[in-house]
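Pasting a structure here, questions to come.
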Amino acid sequence: MRKLTGLLCIVLLLFALTACGSDSVDTPEPTTNQTTEQEPSEEPIPSPNMETITVFTIDPANMAIMPSQVKKNEADDSVEYITELVLQNLEDDEIRIASAISDGDRAIIAFDSESKPVKGCDEEMEDLILECFANSILDNVEGIHSISFCTEKGPYISENKEMAADEIYASR
């Protein structure tokens with residue numbers, strides 16, 4: 001019995017020493033100067049120090065407009081600049097803008113009459129495109145209270161809708 005008790009004590013002692021010392025002996029300390037490669041992202045993630053604005057884009061899965069945070073050029077919040085940001089976020093080469101101007105408290109966006117949303121666009125997508133431009137400009141351009149759409153040839157006349165010259169599409 002004495003041999004069994006001695007053997008049991010030795011096994012327990014070895015087990016205790018192995019369990020207690022495993023962290024300090026086998027685990028290497030993490031170093032702070034290790035670098036891990038990350039794939040560069042297309043757009044920088046906005047940080048608290050980076051000024052951003054919200055423009056609207058289209059969620060094709062739900063066929064709805066959705067807000068998108070984009071980096072803001074601090075020197076520019078004009079109708080032309082916001083129109084360009086919306087155009088970039090829509091990522092559709094078939095949407096072309098002829099001009100984007102402000103006239104008093106109204107923004108006037110002229111689309112190329114041979115491109116979307118005027119041609120080659122169903123009514124639902126046309127409405128979404130127009131809403132993206134209208135909401136983004138009204139939300140971000142100080143002093144603009146209404147927006148009108150037209151083409152470089154005159155009033156906005158598309159395959160799906162028609163707006164009179166100087167008709168207000170949206171206002172706040």
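The values are calculated or read from the model by the stated rules, or taken from the named source; none is laboratory data. All figures in this text were calculated on a predicted structure; none of them were measured in a lab. Reconstructed Cβ throughout: ideal geometry from the backbone, glycine too, with neighbour counts over all protein chains shown. Surface accessibility is based on the protein's heavy atoms, side chains included, excluding ligands, DNA and RNA. Shrake-Rupley method; radii C 1.70, N 1.55, O 1.52, S 1.80 Å.
Can you tell me how many residues in the range 73-114 are in a strand (DSSP E or B) and over 20 Å from the mean Cα position of the chain (by Cα)?
13
Just to be sure I understand, how many residues within the range 121-160 are without any contact (Cβ under 8 Å) to a residue 60 or more places away in the chain, part of a loop (DSSP other than H, G, I, E, B) and open to solvent by 50 Å² or more (accessible area, probe 1.4 Å)?
6
Next up: Please go through the range 144-172 and pick out each residue that is at pLDDT 95 or above and on the phi > 0 side of the Ramachandran plot.
Selection gives GLY154 alone.
Among (1) touching a strand residue (DSSP E or B) at 6+ places or on another chain (Cβ under 8 Å); (2) surrounded by 12 or more Cβ atoms within 10 Å (Cβ to Cβ), where does TYR81 come up short?
Among (1) touching a strand residue (DSSP E or B) at 6+ places or on another chain (Cβ under 8 Å); (2) surrounded by 12 or more Cβ atoms within 10 Å (Cβ to Cβ), TYR81 violates only (1).
Next question. Looking only at the range 84-93, filter to residues that are within 19 Å of ALA64 (Cα to Cα) and of a type outside the set (A, V, I, L, M, F, W, C); which one of those is most open to solvent (accessible area, probe 1.4 Å)?
In this case the residue turns out to be GLU91.
Moving to a separate point now. If you check every pair at least six apart or on different chains, which have Cβ atoms under 8 Å apart with a residue in the range 53-82 that is free of Cβ contacts under 8 Å to residues at least 40 places away in the same chain and hydroxyl-bearing (Ser, Thr, Tyr) first and a residue that is open to solvent by 60 Å² or more (accessible area, probe 1.4 Å) and outside any helix (DSSP H, G or I) second?
Close Cβ pairs (under 8 Å, with a partner that is open to solvent by 60 Å² or more (accessible area, probe 1.4 Å) and outside any helix (DSSP H, G or I)) amount to TYR81/ASN73.
A further question on this structure: Is it the case that ASP112 is free of Cβ contacts under 8 Å to residues at least 24 places away in the same chain and open to solvent by 20 Å² or more (accessible area, probe 1.4 Å)?
So ASP112 does not fit the description; no.
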